[in-house]
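Read through the structure below, which is laid out as structure tokens, and then see the notes.
The values are calculated or read from the model by the stated rules, or taken from the named source; none is laboratory data. Here the structure is a predicted model, which is why all the values come from computation and not from measurement. Glycine also receives a Cβ, built like all others from the backbone with ideal geometry; neighbour counts cover every protein chain displayed.
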Amino acid sequence: MDMIFPRVCSQCGRTGLYLCLDCRDSLQRIGIHIPKHSRLEGHLSLFRYRGLVKAAIRELKFDFVSDIVPEISSLVVHSLVNQYPHLLRYWQENNFVFSPIPLHLRRKLWRGYNQSALLAEKIALELNMNTRSDLITRIKNSLPQSLIKDRRLRCHSLNKTFSCATTTPPPNIILFDDVYTSGSTINSAAGALPENCHIWGLSLAG
Ligand SMILES: [Zn+2]
């Protein structure tokens, strides 16, 4: 397949990889923050939503290049292992379970897949951790957060967007989303989980 449709770097166009090594070197890291007024113990955004990461996410979401998933996942795994070994060990030793932020069914049917779920499953597999895509359901089909410019409307539009879909969620959960915009999506999903869950957020970009 690579001979017919060669892999081309999402940013610079060089052939070989979707995320070429030179463009990976130019990524800007973000880091951990502790959100206020949130159920999250902490949130880790790995990279700024620009350049290679932005181009790769756009290909994954809008150009249906789902075979870019292993390369994006390996970027996330590499970053966790090398930049955040203590946090990763805490997650692994306490059996944190990846839970991708769900798409509304209509958008999932349109795209054919939930890009965050594909990434979370691959990342968890490589880290020898578990994924549960059935913990949370999206009950409202809100506009993509990136299309809502007014910050107050963003928060409002996600009010009661999610509900917990199980009576027995695991005690420790990592909510995974591809892009962290205002934080309202992950915070809203965290709010749907029971009080006694320990919840972290992880996003590829922010
Ligand atoms: Zn490149």
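Okay, residues lined up against (1) modelled with pLDDT of 95 or more; (2) of a type in the set (A, V, I, L, M):
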site	(1), (2)
Lys122	yes, no
Asp134	no, no
Arg152	no, no
Asn172	yes, no
Ser184	no, no
Asn187	no, no
Leu204	yes, yes
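If the condition is being of a type in the set (A, V, I, L, M, F, W, C), out of contact with any Lys or Arg (no Cβ under 8 Å at 6 or more places or on another chain) and either within 11 Å of the ligand (Cβ to nearest atom) or at pLDDT 95 or above (or both), then segment 1-21 contributes Cys9, Cys12, Leu19, Leu21.
For segment 22-36, filtered to residues that are more than 8 Å from the ligand (Cβ to nearest atom) and out of contact with any helix residue (DSSP H, G or I) (no Cβ under 8 Å at 6 or more places or on another chain), the residue that is nearest to Ser74 (Cα to Cα) is Asp25. Among the residues making up segment 166-184, those that are out of contact with any strand residue (DSSP E or B) (no Cβ under 6 Å at 6 or more places or on another chain) and either within 30 Å of Leu27 (Cα to Cα) or free of Cβ contacts under 8 Å to residues at least 24 places away in the same chain (or both) are Thr167, Thr168, Thr181, Ser182, Gly183, Ser184. Taking segment 37-50 as the range and being within 16 Å of the ligand (Cβ to nearest atom) and in contact with a helix residue (DSSP H, G or I) (Cβ under 7 Å, 6 or more places away or on another chain) as the test, only Phe47 passes.
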